[in-house]
Amino acid sequence: MKHFLKETDFKAHELAGVFALAREFKAQRGRAASAVLAGQTWALLFSKSSTRTRVSFEVGIHELGGNPLFLNRNDIQLGRGESVEDTARVLSRFVHGLIVRTFDHNDVVRLAAAASVPVINGLTDFLHPCQIYSDAFTAAEIWAGPGGDLVGSLKGRKIAYLGDTCFNMANSWILGASLFGMKVALAGPQVYEPGPEIKAQLAAEGRAADYQFTTDPFEAVKDADIVYTDVWASMGQEDEAEERIAQMQPYAATAKLFAAAKPDALFMHCLPAHPGEEVEQAVLDNPRSVIFDQAENRLHMQKAILATLSRHHAAP
């Protein structure tokens with residue numbers, strides 16, 4: 001069974017096909033509908049609220065000819081104590097795939113282990129692989145140009161990640177960059193440096209921990225092709241927000257800090273953004289800010305992931 005729970009669930013030799021499919025879906029949108037999910041229902045099992053993840057997956061499934069079925073955790077028996085495994089076994093009898101957005105990454109792993117249909121990680125506190133693939137595709141479109149080598153354009157590029165460097169987005173860039181052949185420099189308070197989970201994941205896959213961590217944001221953005229940040233207090237961390245903002249203020253993506261990266265560097269943020277906290281409005285509005293391209297490309301890349309998993313599952 002092929003699942004997409006982490007960036008490296010697609011191997012290096014599969015990337016070109018997935019990225020090319022995303023490019024194809026983007027070019028065709030509004031003209032030629034693909035029916036790769038015709039007759040299929042995919043369930044979206046969400047424990048966390050969402051704008052981009054929910055809407056892009058629901059629209060994407062519809063555009064591929066399928067039916068999206070949204071299930072809040074409390075809409076089903078999982079919210080009343082049914083086991084993760086039994087939930088996976090039951091839903092596998094009804095639907096053709098599961099997209100899960102939740103807190104504990106282990107819940108997604110357990111669902112996938114018990115399911116007999118593909119499972120996609122729509123976000124956990126540990127990883128956000130759909131976002132990273134969409135972001136990499138966004139940069140590759142710009143660097144490769146029309147018809148260029150999307151995956152090849154990522155190799156050797158440097159991304160500077162600012163702020164909370166031990167949560168899902170930072171973890172996903174560390175793992176994803178190891179697959180894409182990119183370099184990662186992370187800058188944040190020492191207490192938020194990459195944690196044991198991502199180091200263990202790299203070790204389990206035999207991947208080198210090829211990233212740099214520093215408490216100096218200017219060191220991180222030097223020669224960077226992408227400057228990236230995210231909110232400082234994610235869902236479930238609201239009680240820590242005041243402390244986090246105080247600690248991470250030196251790592252805000254200011255115009256001065258962005259200017260210290262390469263002259264043609266891109267600015268990225270997975271949204272929603274909090275101007276005046278992790279990023280200045282001037283950076284969000286900069287012509288090299290591609291935040292809304294990132295958001296749009298969630299749709300196209302996720303359609304590519306859905307189509308690829310569906311075809312893999314249907315293969316004899």
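The values are calculated or read from the model by the stated rules, or taken from the named source; none is laboratory data. Computed from a predicted structure; not experimentally measured. Ideal geometry is used to build each Cβ from the backbone, glycine not excepted, and the neighbour counts take in all protein chains shown.
Any chance you could count how many residues in the stretch 37-64 are surrounded by fewer than 18 Cβ atoms within 10 Å (Cβ to Cβ) and aliphatic (A, V, I, L, M)? Of the residues in that region, 3 qualify. The set of residues in the stretch 102-151 that are hydroxyl-bearing (Ser, Thr, Tyr) and either touching a residue at least 60 places away in the same chain (Cβ under 8 Å) or surrounded by fewer than 19 Cβ atoms within 10 Å (Cβ to Cβ) (or both) comprises Ser116, Tyr133, Ser134, Thr138. When Ser116, Ser83, Ser153, Ser178 are checked against the criterion of being among the polar types (S, T, N, Q) and either under 14 Å from the mean Cα position of the chain (by Cα) or closer than 17 Å to Phe10 by Cα (or both), a single residue qualifies: Ser178. With respect to the conditions (1) farther than 26 Å from Phe19 by Cα; (2) not in a helix (DSSP H, G or I), Ile159 falls short on a single one, namely (1).
One line per residue, one yes/no per condition, for (1) over 30 Å from Ile226 (Cβ atoms); (2) among the small types (Gly, Ala, Ser):
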| residue | (1), (2) |
| --- | --- |
| Asn67 | yes, no |
| His96 | yes, no |
| Val100 | no, no |
| His105 | no, no |
| Val108 | no, no |
| Gly122 | no, yes |
| Gly152 | no, yes |
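Taken together, Ala224, Ala220, Ala255, Ala209 contain a single residue that is among the aliphatic types (A, V, I, L, M), over 23 Å from Leu123 (Cα atoms) and either surrounded by fewer than 19 Cβ atoms within 10 Å (Cβ to Cβ) or not assigned by TED's automatic domain parsing to the domain that holds Ala140 (or both), which is Ala255. Of all residues in the stretch 66-82, which are surrounded by fewer than 22 Cβ atoms within 10 Å (Cβ to Cβ) and at pLDDT 95 or above? Answer for the stretch 66-82, where residues must be surrounded by fewer than 22 Cβ atoms within 10 Å (Cβ to Cβ) and at pLDDT 95 or above: Asn67, Pro68, Leu69, Phe70, Leu71. At least 1 residues being acidic (Asp, Glu) and on the phi < 0 side of the Ramachandran plot is the threshold, and among the helices (runs of 4 or more DSSP H) wholly inside the stretch 248-316 those reaching it are 291-314.
Of the conditions (1) touching a strand residue (DSSP E or B) at 6+ places or on another chain (Cβ under 7 Å); (2) closer than 21 Å to Phe10 by Cβ; (3) not assigned by TED's automatic domain parsing to the domain that holds Leu37, Ile305 satisfies every one except a single condition; which number is it? The single condition Ile305 does not satisfy is (3).
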